[in-house]
Amino acid sequence: MPWMTLVIEQAVQWRFGFVAALGLTLLSVGVKAKNATCAGIGGILLVLPAMSAGT
């Protein structure tokens, strides 16, 4: 399972950059820890680069 997470993070970082990879990490940690603030910040960091990549 850790390998799959690493591969997904690397793919996101390659496609959308470091900010998206950080967002994915925060989102997954927030969900596992049941911390809504951490998950929310991670979700925002994950969405912002995806929105700017489309323009």
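The values are calculated or read from the model by the stated rules, or taken from the named source; none is laboratory data. Remember, it's a predicted structure, so these values are computed and weren't measured experimentally. So basically every Cβ, Gly included, is an ideal-geometry build from the backbone, and we count neighbours across all protein chains shown. We work out accessible area using only protein heavy atoms, side chains counted, and drop any ligands, DNA or RNA first. Shrake-Rupley method; radii C 1.70, N 1.55, O 1.52, S 1.80 Å.
In the chain, which helices (entire DSSP H runs) extend 20 Å or more along their own long axis, judged by Cα positions, while averaging at least 1.0 on the Kyte-Doolittle scale?
What comes out of the filter, once short or polar helices are dropped, is 18-33, 36-53.
Mind checking the log10 I(q)/I(0) for the chain at q = 0.12, 0.18, 0.25, 0.27 Å⁻¹? Debye, one equal scatterer per Cα, no solvent, two decimals.
Summing over Cα pairs of the chain leads to -0.25, -0.55, -0.92, -1.00.
What whole-number value in Å² describes the accessible area per residue of the chain for a 1.4 Å probe?
75 Å²
Tell me which trypsin sites (Lys or Arg not before Pro) from the chain have a DSSP coil assignment and no more than 14 other beta carbons within 10 Å of their own.
Of the trypsin sites (Lys or Arg not before Pro), the ones in loops of the chain whose Cβ has at most 14 other Cβ atoms within 10 Å are 34.
Can you order the peptides 19-25, 36-42 by their average number of other Cβ atoms within 10 Å per residue, highest first?
The packing order, highest mean first, is 19-25, 36-42.
So, counting K/R as plus one and D/E as minus one, what does the shell of residues with Cβ under 14 Å around residue 42 add up to?
+1
Mean separation of Cα pairs under 8 Å and 6+ residues apart, divided by the residue count of the chain: what relative contact order is that in percent?
Once divided by the residue count of the chain, the mean separation gives 32 percent.
Quick check: at a probe of 1.4 Å, how many percent of the accessible area of the chain sits on carbon and sulfur atoms?
After summing per-atom areas, the C and S share lands at 75 percent.
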